[in-house]
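A.B. asks: Could you have a look at this structure, given as structure tokens, before my questions?
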């Protein structure tokens, strides 16, 4: 900023000219709520980054504690149910077996089983080898408790944050890309192109969003990439309409005509001249979409159409909540609710502030 | 107040006519956790639709509600049928004076049940245009019927042709002639699928027979919102049926809600919006005190016992199993290394852990294809492999399933190894999948899931497109044959979902059909089970013990091992 001021210092009568972005940043900095929201969102992004890079939450699948342990602070507020273990079932079977067939134990003899020799060898080999390191379920307390398999809810929720943010951010980015590209083509060229793309748009919007989401996720396989694709494919329509209108408005402006006069190509006029003048709208659109997609992902996973078994997300965690609540295990849902509402609220407020800050008409 | 009530009662008594005993003011509210599919006995085979069929239609014979073990008794017949010496000819004498429920299809006439109705109903299962899911029970069983089916080709069966196997001797006499003796024939006829339909009604509602069941049973379908609500009302034409001095049915109206999610189902019961309900898995520990030493030893939690809630338990006549598609190039086949792969997967699955965590101890492991309580079960046979992931890994090592650079095993020929398991999308499915994932992770084998609705997956499996899937089989009738046929080669792609084809097994199965229940047949069953254990087309699962609850005011509450419902016996005294 200083270099710019020196550059312009020659013309003392003219005040330093600032770009829309600089003005926007200045306005945002004055908005206390917006700034706080920005910090919260940044903190979440950092947490998600740590999750993606495996610095935090990477051991979420390890069974580190007893199943359904309440959070450390509330260790006396869990329901007083006794969790059965495999050992209990083993013992009960042993007991029943000894009653049932004390007389004649019919089993397989060696000649019945083509693998008898190999099985015996494998069993000896396994018995001789060092026993697998089995980490006994310990009683140590976890900050956010454990889930039905004894996994740390804190680790899970961090991993869930990473997934949900990844899905939200990249889904929104992809949707913006599709929407902007199609919107630009449609608004700039008009006529046949516009008709065709509008028809395409109408087809997409005529189907209810949720139905479209479910239809896409039913045909595609599981995984984060699929969820992102599905989200992007269903949510580009809003951006498309916006961009189409903006490009229609801008293409008749003087600066575009001037660019045309000096022989700028269509591509250059669309993306070098018009696009930079509408990007502030895209930023707002992007944050709106991110919030919506984080919520959509939760719904998809809740309905069982989201991420697979080896991944977790907020929605996948919430899907476990109804059965848990019935048994009085409230902490997993509480943790997800806390994280999710914090991020979604912060993101929504940030979007609001961004819109205020970037709208030139608001001073 | 008192007076008024007496008056109402007198009027009600005067209004009630004939054998009608049901109190129309009594409403029994129950719920299904899976949607029904329809109510045409020849078109549906799911338990939930079957529960409705059971109350709308009358099979020739049924089960005694109170006798244990289950005992077949006459239903619409005067007595059990007379059977010829060779066990092939069954002659049924119908009770006269049994009438169908009033329906527009009868044009205002009172329509009596005749032997021809049963002949028609049985023939419908053979009609190629109906494509009955129960055809495996009747195909090739009746003398001379094959020619009739052949003549129909792909078109409708000619119901008017007289055939030797299904003959109407007079208005009330039906004679069924089998090609070969069958010790389970009466139990098969007791299934709701073989209830009598009226030809006029079926033809009148031909476009949608699933929505218009017209039968002679204790209830009629009053209202049906598919997948949402089914309302039954007492059949005003129902014959006089007295058991232990009580005229049935007692309750005038049955309302069945479909509640798929566990939590609302349980809350509806606790809040007395349902009179009878099973306990959903998630609520088991909330409802029952389970003894960790012996998880099958349970009692109601005090807060429910105090409300007078009644608990009934029964061990289902069922087995669950995870099957491998035996025709699949990766997991199927009878080469030693293929058996080793299946065996290793079975050895890595922590079955007792799932019984503890998912079933909450309310299940026992399966060790034999035939479950306890079904003729032919052998409690001494221990067919399930021992949980031993270390030995499973050693076994895979021995057969050349090498661990590659990516930490995953390859096939012995060096090709990548990846196994796909079919699964549903519910929360319970997810719990199971986590255990499967863990088992495959411990074996270092790549596992993927194929998600789908049950009927879609079932279709895919019939087309031989699945690799692995988990199923449950409940007894249609309490005989081992009903279970052993699950692996019979000729039933491949149908009831034999694993597509298991083993010549020796088939030979033994065919031999076992010729024998009555007894030591000789059990010997064959043992030999067949040994083949199943050796070839490992299945990973044995468990047999569930079901707990059902009823509120204090529900009377005559008792579960039956084979009947789906006991609504006609139940009374409400609020």
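A.B. asks: Name the residue, out of B:564, B:529, that is touching a helix residue (DSSP H, G or I) at 6+ places or on another chain (Cβ under 6 Å) and in contact (Cβ under 8 Å) with a residue 60 or more places away in the chain.
C.D. replies: B:564
A.B. asks: Name the strands (runs of 3 or more DSSP E) wholly within the stretch B:266-333 that hold at least 2 residues that are away from every other protein chain (no Cβ under 13 Å) and touching a strand residue (DSSP E or B) at 6+ places or on another chain (Cβ under 7 Å)?
C.D. replies: B:276-278, B:298-300, B:310-315, B:318-324
A.B. asks: Of the residues A:217, A:170, only one is surrounded by 12 or more Cβ atoms within 10 Å (Cβ to Cβ), at the interface with chain B (Cβ under 10 Å from one of its Cβ atoms) and either at pLDDT 85 or above or under 25 Å from residue A:295 (Cβ atoms) (or both); which?
C.D. replies: The conditions single out A:217.
A.B. asks: State whether one or more residues within the stretch B:24-34 are within 17 Å of the chain's Cα centre (by Cα), under 23 Å from residue B:274 (Cβ atoms) and not in a strand (DSSP E or B).
C.D. replies: yes
A.B. asks: Might you check whether a residue that is surrounded by 16 or more Cβ atoms within 10 Å (Cβ to Cβ), within 27 Å of the chain's Cα centre (by Cα), free of Cβ contacts under 8 Å to residues at least 12 places away in the same chain and not in a loop (DSSP other than H, G, I, E, B) occurs anywhere in the stretch B:57-75?
C.D. replies: no
A.B. asks: Quick one: residue B:497 ticks every box in (1) buried (at least 16 other Cβ atoms within 10 Å of the Cβ); (2) over 20 Å from residue B:383 (Cα atoms) bar one, so which box is it?
C.D. replies: (2)
A.B. asks: Residue A:54 versus (1) more than 22 Å from residue B:363 (Cα to Cα); (2) touching a helix residue (DSSP H, G or I) at 6+ places or on another chain (Cβ under 6 Å); (3) at pLDDT 80 or above: which is the lone unmet condition?
C.D. replies: Going through the list (1) more than 22 Å from residue B:363 (Cα to Cα); (2) touching a helix residue (DSSP H, G or I) at 6+ places or on another chain (Cβ under 6 Å); (3) at pLDDT 80 or above, residue A:54 breaks only (2).
A.B. asks: Scan the stretch A:326-336 for residues that are part of a helix (DSSP H, G or I) and within 7 Å of chain B (Cβ to nearest Cβ) and jot them down.
C.D. replies: A:326
A.B. asks: While we're looking at this one, here's another question. Can you tell which of A:247, A:271 is out of contact with any strand residue (DSSP E or B) (no Cβ under 7 Å at 6 or more places or on another chain), closer than 12 Å to residue A:184 by Cβ and surrounded by fewer than 20 Cβ atoms within 10 Å (Cβ to Cβ)?
C.D. replies: Selected residue: A:271, the only one of A:247, A:271 that is out of contact with any strand residue (DSSP E or B) (no Cβ under 7 Å at 6 or more places or on another chain), closer than 12 Å to residue A:184 by Cβ and surrounded by fewer than 20 Cβ atoms within 10 Å (Cβ to Cβ).
A.B. asks: Now, a different point. Considering only residues of the stretch B:403-435 that are touching a strand residue (DSSP E or B) at 6+ places or on another chain (Cβ under 6 Å) and outside any strand (DSSP E or B), which is nearest to the other protein chains (Cβ to nearest Cβ)?
C.D. replies: B:425
A.B. asks: Tally the residues that are free of Cβ contacts under 8 Å to residues at least 40 places away in the same chain, facing chain A (nearest Cβ under 8 Å) and under 39 Å from the mean Cα position of the chain (by Cα), restricting the search to the stretch B:383-402.
C.D. replies: Count: 1.
A.B. asks: In addition: When you go through A:226, A:279, A:312 one by one, which is the residue that is surrounded by fewer than 20 Cβ atoms within 10 Å (Cβ to Cβ) and under 13 Å from the mean Cα position of the chain (by Cα)?
C.D. replies: Residue meeting the stated conditions: A:226.
A.B. asks: Looking only at the stretch B:483-495, decide whether some residue is under 24 Å from the mean Cα position of the chain (by Cα) and on the phi > 0 side of the Ramachandran plot.
C.D. replies: Within the stretch B:483-495, one or more residues are under 24 Å from the mean Cα position of the chain (by Cα) and on the phi > 0 side of the Ramachandran plot.
Residues are listed down the side, and each one gets a yes or a no for (1) in a loop (DSSP other than H, G, I, E, B); (2) touching a helix residue (DSSP H, G or I) at 6+ places or on another chain (Cβ under 7 Å); (3) touching a residue at least 12 places away in the same chain (Cβ under 8 Å):
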site	(1), (2), (3)
B:97	yes, no, yes
B:108	yes, no, no
B:116	no, no, yes
B:130	yes, yes, yes
B:149	no, no, yes
B:157	yes, yes, yes
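A.B. asks: Counting only residues that are surrounded by 18 or more Cβ atoms within 10 Å (Cβ to Cβ) and not in a helix (DSSP H, G or I), which one in the stretch A:20-63 is nearest to the other protein chains (Cβ to nearest Cβ)?
C.D. replies: A:61
A.B. asks: Something else about it: What's the number of the only condition in (1) at the interface with another protein chain (Cβ under 7 Å from one of its Cβ atoms); (2) modelled with pLDDT under 80 that residue A:96 fails to meet?
C.D. replies: (1)
A.B. asks: Among the residues of the stretch A:294-308, is any within 14 Å of chain B (Cβ to nearest Cβ), surrounded by fewer than 21 Cβ atoms within 10 Å (Cβ to Cβ), without any contact (Cβ under 8 Å) to a residue 60 or more places away in the chain and not in a helix (DSSP H, G or I)?
C.D. replies: yes
A.B. asks: Within the stretch B:231-247, count every residue that is assigned to a strand (DSSP E or B) and either under 20 Å from residue B:39 (Cα atoms) or at pLDDT 90 or above (or both).
C.D. replies: Going through the stretch B:231-247 one residue at a time, the tally reaches 4.
A.B. asks: Considering each of B:380, B:340 in turn, give the residue that is under 24 Å from residue A:112 (Cα atoms), within 10 Å of chain A (Cβ to nearest Cβ) and free of Cβ contacts under 8 Å to residues at least 24 places away in the same chain.
C.D. replies: None of the others qualify; the one that does is B:380.
A.B. asks: Continuing with this model, one more query. Between B:351, B:360, which is at pLDDT below 90 and at the interface with chain A (Cβ under 9 Å from one of its Cβ atoms)?
C.D. replies: B:360
A.B. asks: I would also like to ask the following. Inside the stretch A:81-90, can you point out the residues that are more than 7 Å from chain B (Cβ to nearest Cβ) and either at positive phi or crowded, with 16+ Cβ neighbours inside 10 Å (or both)?
C.D. replies: Selection gives A:83 alone.
A.B. asks: Identify all residues within the stretch B:38-56 that are surrounded by fewer than 20 Cβ atoms within 10 Å (Cβ to Cβ) and farther than 19 Å from residue B:314 by Cβ; write none if there are none.
C.D. replies: B:38, B:43, B:45, B:46 - these are the residues of the stretch B:38-56 that are surrounded by fewer than 20 Cβ atoms within 10 Å (Cβ to Cβ) and farther than 19 Å from residue B:314 by Cβ.
A.B. asks: Of the residues in the stretch A:67-78, how many are within 12 Å of chain B (Cβ to nearest Cβ) and over 19 Å from residue A:336 (Cβ atoms)?
C.D. replies: Of the residues in that region, 0 qualify.
A.B. asks: Just wondering, is there one or more residues in the stretch B:451-469 that are within 14 Å of residue B:346 (Cα to Cα), touching a helix residue (DSSP H, G or I) at 6+ places or on another chain (Cβ under 7 Å), more than 10 Å from chain A (Cβ to nearest Cβ) and not in a helix (DSSP H, G or I)?
C.D. replies: yes
The values are calculated or read from the model by the stated rules, or taken from the named source; none is laboratory data. Because the structure is a prediction, the values reported are computed rather than measured. Cβ coordinates were reconstructed from backbone atoms using ideal geometry, including for glycine residues, and neighbour counts include every protein chain displayed.
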